[in-house]
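Take a look at the structure set out below.
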Amino acid sequence: MSLTIPSFTLPSFIARVGNRLPQWPHAVALTTGLNAIVKMKLLPDDSLALLEGKNILIDVLDTGGRAAFTFRDGLFRPVFTAPETPDLAFRANLSAFLQLAARQEDPDTLFFNRTLSIEGDTELGLIVKNMLDAMELPKFAGKLAFRH
């Protein structure tokens with residue numbers, strides 16, 4: 001049984017509230033997950049090396065949530081004050097990010113449908129997109145399986 005995530009936009013008051021909340025917890029949570037993926041060797045080392053020192057921003061428009069982070073010395077690290085102009089920024093509503101995470105939609109489709117905005121260094125954007133595409137979801141899901 002697979003879950004289909006519909007396209008939706010949360011009510012605007014959620015983003016108004018979200019914009020007023022501290023944003024660093026999002027970056028800490030995201031980098032913790034990304035570092036777990038790195039430790040499981042699910043991302044290619046040569047691609048990770050190309051992220052060294054780059055500032056990346058994930059902006060979830062309809063929640064008001066933002067996560068800024070960088071990759072340095074083999075680990076993803078939160079950036080507590082988002083840079084004015086990050087090297088790469090992904091902006092979309094929550095439903096688009098959920099569709100990406102579930103592999104229901106690919107970044108190209110969301111980009112061309114104007115539901116995902118990718119701004120900044122084009123080459124860096126392609127590197128990140130290719131890393132996501134190369135990640136084997138069944139391998140990842142198997143590593144997360146709970147043992148009884």
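The C-beta contact set for the stretch 1-20 (first residue touching a residue at least 60 places away in the same chain (Cβ under 8 Å) and loosely packed, with under 10 Cβ neighbours inside 10 Å, second residue hydroxyl-bearing (Ser, Thr, Tyr) and in a helix (DSSP H, G or I), distance under 9 angstrom, 6+ apart or interchain) comprises Pro6/Ser95.
The single residue among Asp59, Asp87 that is of a type in the set (D, E, K, R) and surrounded by fewer than 19 Cβ atoms within 10 Å (Cβ to Cβ) turns out to be Asp87. Confirm whether Thr109 is surrounded by fewer than 18 Cβ atoms within 10 Å (Cβ to Cβ), of a type in the set (Val, Ile, Thr), modelled with pLDDT under 95 and assigned to a helix (DSSP H, G or I). Considered against the rule, which asks whether it is surrounded by fewer than 18 Cβ atoms within 10 Å (Cβ to Cβ), of a type in the set (Val, Ile, Thr), modelled with pLDDT under 95 and assigned to a helix (DSSP H, G or I), Thr109 comes out as yes. For the stretch 83-91, the criterion of being part of a helix (DSSP H, G or I) and of a type in the set (A, V, I, L, M) is satisfied by no residue at all.
Within the stretch 21-51, restricting attention to residues that are among the hydroxyl-bearing types (Ser, Thr, Tyr) and within 18 Å of Ala101 (Cα to Cα), the residue that is surrounded by the most Cβ atoms within 10 Å (Cβ to Cβ) is Thr31.
The values are calculated or read from the model by the stated rules, or taken from the named source; none is laboratory data. Being a predicted model, the structure only gives us computed values, none of them experimental. Here the Cβ is made from the backbone with ideal geometry for all residues, glycine too, and neighbour counts use every protein chain on show.
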